[in-house]
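Engineer: Below is a structure I'd like to ask you about.
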Amino acid sequence: MKICKTIDELRSALDGKKSAFVPTMGNLHSGHIALMNLAFKQKQADRVDATVASIFVNRLQFLPHEDFDSYPRTFEPDCAQLEAAGCDVVFAPLEKDMYPEPQGYKVHPPAGLADILEGHFRPGFFVGVSTVVMKLFQIVQPRIAIFGKKDYQQLMVIKNMVRQMAMPIEIIGHETERAADGLALSSRNGYLSEAERAEAVHLSRALKALIAAHAAGGQDIAALEAQALAALAARGWQPDYLTLRRRADLQAPSAQDTAGSLVALGAARLGKTRLIDNMEC
């Protein structure tokens, strides 16, 4: 496995090869490795010539009060995991290589998709995500890029960006990897205390309960969402949202939207740690 620190090194290592790409911010867990395993399968199927992962903590997507400086950096263990999963090239640039000058040109996704849910509670987040992903795509020029569905809204933003910009990249979404008790795997789970880790599974359970209440005939979705928020808050969480949305555009569903076309999404803070999750339904 080759580790490239600069854009020139990365381009020289790929040298026109078709690649499957997994962008990460490092601090890898088995969810990330599942994405790399899927990338390796694309190579085994002769769809690409090489597998690439990036490790870069992107300052542009952190708000001033968020955990950019304290975000865990675990480069050597990350590389060991990627190599074991069949990664050919790791792109691990320094911030000065990715942003050698202030990034004045940025990608602004449509407000109707990017300023709701995560974008409402983290203003500018999807500008930062879209900008770094666009830049990484320009650097790596992959044939295929693979993202986890845990970041459901992010996946939609990136898919729409690639389609509207006519980028020759196939975006593949991989199902959320979960712990045995149902907690969605996340790098931020490492911030949880032992007691918080035991409680954290209740975010996924809250989403399941919301889905079940709707499936049982609850048509007043706003009331169901309010009940779900109240139930989670009663357990000591600080929920931002628990909501049912259309998968197609993340807008509020209408009476015509049926099971199989919706997704339940949630974000809530447990102690100092903010967790997100979703489930298609």
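Engineer: Would you grab the residues whose amide H sits under 5 Å from the one on Leu262? Only those 5+ places off in sequence or on another chain, please, with H modelled 1.01 Å from N.
Structural biologist: Answer set, sorted by chain and number: Arg247, Cys281.
Engineer: Past the 18 angstrom mark, what percentage of all C-alpha to C-alpha distances in region 89-174 do you count?
Structural biologist: Of all Cα-Cα pairs in region 89-174, 45 percent lie more than 18 Å apart.
Engineer: For region 142-208, which semi-axes, largest first and in whole Å, follow from the square roots of 5 times the eigenvalues of its Cα gyration tensor?
Structural biologist: Working through the eigenvalues yields semi-axes of 31, 11, 10 Å.
Engineer: Still on this structure: What residues of region 85-121 lie in the reach of a label at Arg59, counting those whose backbone N is under 15 Å from a point 7 Å from the Cα along Cα→Cβ?
Structural biologist: Correct set: 93-105.
Engineer: What Rg and what Dmax come out for region 9-105 when only alpha-carbon atoms are used, in angstroms?
Structural biologist: Spelled out, the Cα radius of gyration and Dmax of region 9-105 are 14.5, 45 Å.
Engineer: How about Lys149: which lysines have a C-alpha closer than 29 Å to its C-alpha, ignoring those fewer than 8 places off in the same chain?
Structural biologist: Correct list for Lys149: Lys2, Lys5, Lys17, Lys18, Lys41, Lys43, Lys106, Lys135, Lys159, Lys208, Lys272.
Engineer: OK, next. Give a quick list of GluC sites (Glu not before Pro) in region 166-227 that DSSP marks as loop, anything other than H, G, I, E or B, with at most 14 other Cβ atoms within 10 Å.
Structural biologist: Passing sites in region 166-227 are Glu175.
Engineer: Please list 3J(HN,Hα) in residue order for region 227-243, calculated via the Karplus relation 6.51 cos²θ - 1.76 cosθ + 1.60 where θ = phi - 60°; whole Hz, with x for glycine and proline.
Structural biologist: So the J values, rounded to whole Hz, are 5, 5, 5, 5, 5, 6, 5, 5, 8, x, 7, 10, x, 8, 7, 9, 8.
Engineer: In bins 5 Å wide, starting from 0, what share of all Cα pairs of region 123-281 does each bin hold, as a percent?
Structural biologist: The distribution over region 123-281 is 2, 8, 17, 19, 18, 16, 11, 7, 3, 0, given as percents.
Engineer: Would you mind counting up the charge near Gly16? Only other residues with Cβ under 12 Å from its Cβ, with Lys and Arg at +1 and Asp and Glu at -1.
Structural biologist: Net local charge, Gly16 excluded: +2.
Engineer: Please report the antiparallel percentage of DSSP beta bridges with both residues in the chain, rounded to the nearest 5.
Structural biologist: 45
Engineer: Taking amide H positions as placed 1.01 Å from N in the peptide plane, with prolines and chain starts having none, which residues 5 or more places from Met167, or on another chain, fall under 5 Å of its amide H?
Structural biologist: Close amide H contacts, sequence-distant or interchain: none at all.
Engineer: Moving on. Given the chain reduced to its alpha-carbon atoms as identical point scatterers, what log10 I(q)/I(0) does the Debye formula return at q = 0.15, 0.17 Å⁻¹?
Structural biologist: -1.20, -1.48
Engineer: Here's a follow-up. So between Ala248 and Asp181, what do we pick up on full extension, going 0.36 nm a residue minus the alpha carbon distance?
Structural biologist: Between Ala248 and Asp181, full extension yields an extra 21.2 nm.
Engineer: Along Cα→Cβ, 7 Å out, is where each label goes; now give me the distance between the ones at Ser261 and Asp115 in nm to one decimal.
Structural biologist: So the two model labels end up 2.7 nm from each other.
Engineer: If you don't mind, another one. Which value in Å does the Kirkwood hydrodynamic radius of region 187-280 take, with 1/r averaged over all unlike C-alpha pairs and then inverted?
Structural biologist: 13.6
Engineer: Then there's this: Of the peptides 95-106, 111-122, 254-265, 44-55, how do they stack up when ordered by the mean number of other Cβ atoms within 10 Å, highest first?
Structural biologist: Sorting 95-106, 111-122, 254-265, 44-55 by mean packing, highest first, produces 44-55, 111-122, 254-265, 95-106.
Engineer: HN-Hα J couplings of region 154-168 from phi, Karplus 6.51/-1.76/1.60, θ = phi - 60°, integer Hz, Gly and Pro as x?
Structural biologist: For region 154-168, the Karplus curve yields 4, 4, 5, 4, 5, 4, 5, 4, 5, 5, 5, 8, 6, 7, x Hz.
Just so you know, all these numbers are worked out from the coordinates, no wet-lab data involved. All values derive from a computational prediction rather than experimental measurement. With ideal geometry, Cβ positions are generated from the backbone for all residues, glycine too; neighbour counts draw on all protein chains shown.
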